[in-house]
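First comes the structure, then the notes that go with it.
The values are calculated or read from the model by the stated rules, or taken from the named source; none is laboratory data. Since the model is a prediction, treat every value here as computed from it, not as a measurement. Cβ sites come from the backbone with ideal geometry, for glycine too, and all protein chains shown count toward neighbours. Calculation scope for accessible area: heavy atoms of the full protein, side chains included, ligands and nucleic acids excluded. Shrake-Rupley method; radii C 1.70, N 1.55, O 1.52, S 1.80 Å.
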Amino acid sequence: MKLESRKFIIIGIFIIFSMVLLVRLYNIQVKDNSYKDLADSNYIHKKTTYPARGLILDTNGELLVDNQPVYDLMVIPRNVKKDMDTIRLCELFNISKKEFIETLTKSRNYSTRKPSIFLKQISPIMYAKASEYMYLFPGFFTQRRTIRSYHTQGAPHVYGYLGEVNQKKLDNDEYYDLGDYIGQSGVERSYEKILRGIKGEEYVTVDAYNREKESYQGGSNDLPAKQGENLQLTIDIKLQEYAEELMANKIGSVIAIDPSNGEILTMVSSPSYDPSLLTGRKRGANMKALNNDPLKRQLNRCITATYPPGSTLKPFIALIGLQEGVINKNSYITCGGAFSYGSGSVVKCSHGHGSCPNIYCAVEQSCNPYFCEVFKRTIANKKYENVEKSLQQWINYLEEFGLGAPLDLGLPGMVAGTMPSVEYYNKIHNNEYWHWKWNTIISLGIGQGEFAITPMHLANAISILANRGVYHYPHLVKNVEQKEPTTLSIERRHFDVMADAMEQVMISGTGRYSSVEGISICGKTGTAENPHGDDHSIFISFAPKVNPTIAIAAVIENSGYGSTYAAPISTLMIEKYINDTICKHSKRREKKMFETDLINVKENE
């Protein structure tokens, strides 16, 4: 009897469960049409809502890059009617019949059921004009998105630009769909995940004529888009724009850093381009023109171009000599107009002056023989077992200044440059019966030889020197976590000596014609040899001497001595940054820099 009762109880439970399930299915499939409707794309359109991309601001909060609305014409190929008025659609959107057929074929090849972009970036005016006729074109609908809008033409190499996502990214990142835009360069690329935001979904009902009627079920199924996070740069846009004016019609780079925190204040690569060229429907044609431009305007010379540092390396060579104890601040070294290193070979002194009684004079006069002797003493130092070990230690010191490795600035594409290496010299000289010695590589002592350094590396190195050996890592974005500062192995007292020596450069040395009244600028001119044409003008500097707030490296290609263009451009920037104005005494120099055209000079002659 008990077994029989259990049997009926179990059967009863199954019957009740089945009835509940059947009632639920009836409600879903018969009474509640929402799931049926959502599955039927003829009546319900699922639209992706694109988030506004995060804004880009300068160090003072000034808006640099925001967004403006545009519309994409979307298509679901399976819903397109064969008898649709194709000519009317082509007229509305200003496309040819051939373009229509080719684009529709491409969309069908992608998917007959999924929506894809048929026509990109329709202006709000065109969108308004076409909206009332969309019911004539089943399978087509518009979708709102935003493109970048620029409040300044300054710093395009810093911002970068957006472009269509490629197939590799589509395959590896579920966030993106065909036709989506993604950061291609600059901070737009490096901080893509922060800037892009999160997409949303919107369901709308449409009538038989493909006209949107209303939000489906009051928007209860919609997912709102989330705007991207804003990005605050360290760039001071006023200083950036001023530097770009000074660099107009010149080829090269100027970079300014705040030594006290590593914030990059300006990053100018010249010649530049208008960032708005790479937005809108003409973006493709403009991109092609820029790619074919012989001046390579898109190239960020700050982080990709490399040069021998020339005499701008001399302060660092002196610091190493002081730290190694092969010289002191009062070391006297004979000049005599040249440095002889055997078999009649000499390194000439490029400046007419007497022998230097100390390091201050050597830096002030940029004396080649003095620094060749310092290099010789460092590499021939008997405290090391051999030349390989002494050279490696010399290189180690330079690497502490960030030379020879890519700097993590928050920008893609930075090159490491080239540094001398023991391995290289062993490879090319090991077959020599006498091996290699200090005189084999003497050109390193004046910043030539196996050096290829980017302007950003130079700016970083002078920033560290300005900060007396405390290394704040250079960066472009404020609101992200930064590395902790480090301290170099060279003693602080040697940096103080070098600051005094570099101040003398601006008082009575090679930089004296670019000095600024009332500001204690420390600088070093340089001329980088160029086998392909005129030498490059280089200058490194910082100011004020005590508690410096700005450090600059400038490279002006094919323009001669460092004092000719790189120095005056740098000191004008320093004056503008510290005083917020240019004094009457500096106005003539400013006018000359504004008006000098080094790009078209040959055509003008």
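Here are the numbers:
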item	result
Additional length obtainable on full extension of the chain from His435 to Asn600, 0.36 nm per residue less Cα span	54.6 nm
Cα gyration tensor shape for the range 445-542, rounded if a/c is under 1.5, else prolate or oblate	oblate
Shape of the range 308-379, Cα gyration tensor, a/c cut at 1.5	rounded
Fraction of alpha-carbon pairs over 40 Å apart in the chain - percent	44 percent
Amide H contacts under 5 Å for Thr487, placed H, 5+ residues apart	Tyr471
Proximal charge balance of Ala248 [Cβ under 10 Å; K/R count +1, D/E count -1]	-3
Loop trypsin sites (Lys or Arg not before Pro), the range 285-384, which have at most 10 other Cβ atoms in a 10 Å radius of their Cβ (DSSP)	Lys382, Lys383
Accessible surface, the chain, averaged per residue in Å² (probe 1.4 Å)	48 Å²
Per-residue SASA entry for Tyr424, accessible area with 1.4 Å probe, Å² rounded to 10	100 Å²
Ranked by how many other beta carbons lie within 10 Å on average, peptides 305-312, 58-65 from highest	305-312, 58-65
The range 553-605: Cα Rg divided by the 2.2 N^0.38 Å rule of thumb	1.23
Nearest-ten-degree value, helix 455-466 long axis tilted from longest Cα axis of the chain	60 degrees
The range 464-605, Cα convex hull volume normalised per residue, Å³	155 Å³
Calculated from backbone phi, Karplus (6.51, -1.76, 1.60) coupling profile of the range 584-596 in Hz, x at Gly/Pro	4, 4, 8, 4, 5, 5, 4, 4, 4, 5, 4, 8, 5
Cβ-defined net charge surrounding Gly321, 11 Å radius [Lys, Arg +1; Asp, Glu -1]	+2
HN-Hα J in Hz across the range 284-299 - Karplus 6.51, -1.76, 1.60, θ = phi - 60°, x for Gly and Pro	x, 5, 5, 4, 4, 5, 5, 5, 8, 5, x, 7, 6, 5, 6, 5
Point-charge dipole on Cβ atoms (K/R +1, D/E -1) for the chain, about Cα centre, debye to 20	1420 debye
Total formal charge among the other residues, if their Cβ is under 12 angstrom from that of Pro308, Lys/Arg +1 and Asp/Glu -1	-3
Angle between the chain longest axis and helix 97-110 axis [Cα atoms, degrees, rounded to 10]	90 degrees
Across the chain: Cys residues that no other cysteine approaches within a C-beta distance under 4.7 Å	Cys90, Cys302, Cys335, Cys349, Cys367, Cys372, Cys522, Cys583
Percent carbon-and-sulfur accessible area, the range 478-544, ignoring ligands, DNA and RNA, probe 1.4 Å	44 percent
Rounded to the nearest 10 Å², the accessible area of Ser276 at probe 1.4 Å	50 Å²
Coil-residue GluC sites (Glu not before Pro) of the range 471-576, DSSP, other Cβ within 10 Å capped at 10	Glu481, Glu517
Largest-first ordering by accessible area, 1.4 Å probe, given options Ser508, Ser270	Ser508, Ser270
Cross-link partners of Lys545 among lysines (Cα-Cα below 25 Å; sequence separation of 8 or more within a chain)	Lys238, Lys314, Lys329, Lys524, Lys576, Lys584, Lys587
Length-normalised contact order for the range 66-201 - Cα pairs under 8 Å, 6+ apart - percent	31 percent
Apportionment of accessible area to carbon and sulfur, the range 231-285, percent (1.4 Å)	47 percent
Inter-label distance, nm, simple model (7 Å from Cα along the C-beta direction), Arg88/Thr49	3.1 nm
Value of relative contact order over the range 203-310, rounded to a whole percent, pairs C-alpha under 8 Å and six or more apart	18 percent
Exposure rank, largest accessible area first [Ser514, Ser421; 1.4 Å]	Ser421, Ser514
Sequence-separation-based contact order of the chain, relative, with Cα cut under 8 Å and 6+ spacing, percent	14 percent
Cα long-axis angle, helix 237-246 against the chain (0 to 90 degrees, to the nearest 10)	60 degrees
Partner aspartates and glutamates for Lys114 [C-alpha distance under 12 Å; skip if fewer than 8 residues away on the same chain]	Asp177
Accessible-area composition of the range 351-426, carbon plus sulfur, in percent [1.4 Å probe]	47 percent
Cα-projected label distance for Glu399 with Lys226, points at 7 Å along beta-carbon direction, nm	4.2 nm
Residue-wise HN-Hα coupling along the range 574-581, computed from phi with Karplus coefficients 6.51, -1.76, 1.60 (Hz; x: Gly, Pro)	4, 4, 4, 6, 7, 9, 6, 7
The chain: antiparallel DSSP beta bridges as a percent of all, rounded to 5	95 percent
Sequence-distant aspartates and glutamates (8 or more away, or on other chains) whose Cα lies within less than 12 Å of Lys382	Glu324
The range 376-511: proportion of alpha-carbon pairs further apart than 20 angstrom, %	57 percent
